[in-house]
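Below is one structure, written out as structure tokens; comments come after it.
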Amino acid sequence: MYAPAAATNAEREGDFVSRHVPVLVDEIVDMLVTRPGAVFVDLTLNGGGHARAFLRVLPADNAYIGLDRDRKALDRARSVLAGFGDRVRYVYGNFADSAELLADYRGRAANVLLDLGLSADQIADPARGFSFTVDGPLDMRADTSAGVTAATVVNTLLEDELADVFYRFGEERSAKAIASAITKARRTVPIATTSDLVEILAGVAPGVGRRHPATRVFQALRIYVNDELGALETGLPAAVDLLAPGGRIFIISYHSLEDRIAKERFRRAVDEGLLELVQKRVIKPSREEISVNPAARSARLRAAERL
């Protein structure tokens, strides 16, 4: 099973130490296309966890193109991947725009990765507002230079609109009651922080088992704020276009909404004769991986090859 290797001296440049452990690394490594002079396109570079693992096993003349819409994540990746020098090219942008941003690599990639989850570093940063366990501004934007914050959403959307967001993107059964509680609370004072929202949810949203009452609402807001499903619908066809014949695409999703889109897009591409599934069934983390990294438990991997 994959475990983060000790950093080389070059990889210790900078003072950042990542908390994030990439998921399903061994499973992807077993399926990687390894060709001399090949290109790997990572459409969700994040903090560089997967990149570091793959660069260690790919041929030394392989280039690695890392795209991310989170500037802080790109900075983290530069620190983590410093030892690989000019093998890595960093690109700022949303993978939904990869057809334009990565036009030079169309039809050239031996491997393409989409890891759709948040990193532990993003979740742990209170300023980002992704976590309901730490207090911070209710932001949730992957790109903090653009778009509206989650605070704007919960303070301005109509009650029915909020309920729709929670139900569609969080599959939250108590969506109407939650939306009603939020609109009632914001009449008194605006909802500005993660703790403000969690306090409201604690009184109305039931937890299930070990699941926190805020889990699905925070998921829904993050998806809505960042248009994650729209980006996936747009970005997946562009990702397939990046592949060279025989190249492979890997998609890691963390909830049913993402996995449903990935499964449907792959099925459509198979029917069109563009792709062939590498594994017919979705690939899940092993019990051993989950015991070491509990955050991996919801991860699902799908892989396909360009014909």
Number of positions in the range 233-244 that are out of contact with any strand residue (DSSP E or B) (no Cβ under 8 Å at 6 or more places or on another chain) and of a type outside the set (S, T, N, Q): 4
Qualifying positions in the range 70-85 - among the hydrophobic types (A, V, I, L, M, F, W, C) and under 26 Å from Val225 (Cα atoms): Ala73, Leu74, Ala77
Pick from the range 117-162, criterion in contact with a Leu (Cβ under 7 Å, 6 or more places away or on another chain) and not aromatic (Phe, Trp, Tyr), ranking: surrounded by the fewest Cβ atoms within 10 Å (Cβ to Cβ): Thr149
Lone unmet requirement of (1) free of Cβ contacts under 8 Å to residues at least 40 places away in the same chain; (2) crowded, with 24+ Cβ neighbours inside 10 Å; (3) acidic (Asp, Glu); (4) over 14 Å from Gln122 (Cβ atoms) for Asp42: (1)
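Step by step: first the residues of the range 280-307, then only those that are among the charged types (D, E, K, R) and within 15 Å of the chain's Cα centre (by Cα), then the one that is farthest from Phe266 (Cα to Cα). Which residue is that?
Among them, the one singled out is Arg297.
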Residue identified as under 21 Å from the mean Cα position of the chain (by Cα), part of a helix (DSSP H, G or I) and either within 24 Å of Leu221 (Cα to Cα) or not charged (D, E, K, R) (or both) among Ala146, Ala127, Ala163: Ala127
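Select from the range 225-246 the residues that are in contact with a Gly (Cβ under 9 Å, 6 or more places away or on another chain) and not polar (S, T, N, Q) and write down the one among them that is farthest from Thr34 (Cα to Cα).
Quick first cut of the range 225-246, residues in contact with a Gly (Cβ under 9 Å, 6 or more places away or on another chain) only: 225-227, 241-245.
Then keep just the ones that are not polar (S, T, N, Q); that gives 225, 227, 241-245.
Values: Val225: 37, Asp227: 33, Asp241: 19, Leu242: 16, Leu243: 14, Ala244: 13, Pro245: 13 Å.
The qualifying residue farthest from Thr34 (Cα to Cα) is Val225.
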Count - residues of the range 247-277 that are of a type outside the set (S, T, N, Q) and either in contact with a Ser or Thr (Cβ under 6 Å, 6 or more places away or on another chain) or buried (at least 16 other Cβ atoms within 10 Å of the Cβ) (or both): 19
Selected residue [under 27 Å from Ser131 (Cα atoms), crowded, with 16+ Cβ neighbours inside 10 Å, more than 22 Å from the chain's Cα centre (by Cα) and touching a residue at least 12 places away in the same chain (Cβ under 8 Å)] from Ala214, Ala220, Ala244, Ala205: Ala205
Filter pass, Val21 being buried (at least 16 other Cβ atoms within 10 Å of the Cβ), aliphatic (A, V, I, L, M), within 28 Å of Asp139 (Cβ to Cβ) and at pLDDT below 95: yes
Filter result for Leu32 (in contact with a helix residue (DSSP H, G or I) (Cβ under 8 Å, 6 or more places away or on another chain), closer than 21 Å to Arg302 by Cβ and of a type in the set (A, V, I, L, M)): yes
Residue match in the range 284-292 (condition: at pLDDT 95 or above, within 23 Å of Val21 (Cα to Cα) and among the basic types (Lys, Arg)): yes
Elements of type strands (runs of 3 or more DSSP E) contained in the range 35-118, each with 2 or more residues being more than 21 Å from Ile252 (Cβ to Cβ): 88-92
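Look at the range 166-183 and say how many of its residues are assigned to a loop (DSSP other than H, G, I, E, B) and either without any contact (Cβ under 8 Å) to a residue 12 or more places away in the chain or surrounded by fewer than 17 Cβ atoms within 10 Å (Cβ to Cβ) (or both).
Qualifying residue count for the region: 2.
Please report, ordered by residue number, the strands (runs of 3 or more DSSP E) entirely within the range 195-307 with at least 2 residues that are farther than 22 Å from Ala151 by Cα and touching a Pro at 6+ places or on another chain (Cβ under 9 Å).
Result: 300-306.
Matching residues to (1) more than 17 Å from Leu118 (Cβ to Cβ); (2) in contact with a Leu (Cβ under 8 Å, 6 or more places away or on another chain):
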residue	(1), (2)
Ile251	no, yes
Arg260	yes, no
Gly273	yes, yes
Leu277	yes, no
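The values are calculated or read from the model by the stated rules, or taken from the named source; none is laboratory data. Since the structure is predicted, the reported quantities are computational estimates derived from the model, not experimental observations. With ideal geometry, Cβ positions are generated from the backbone for all residues, glycine too; neighbour counts draw on all protein chains shown.
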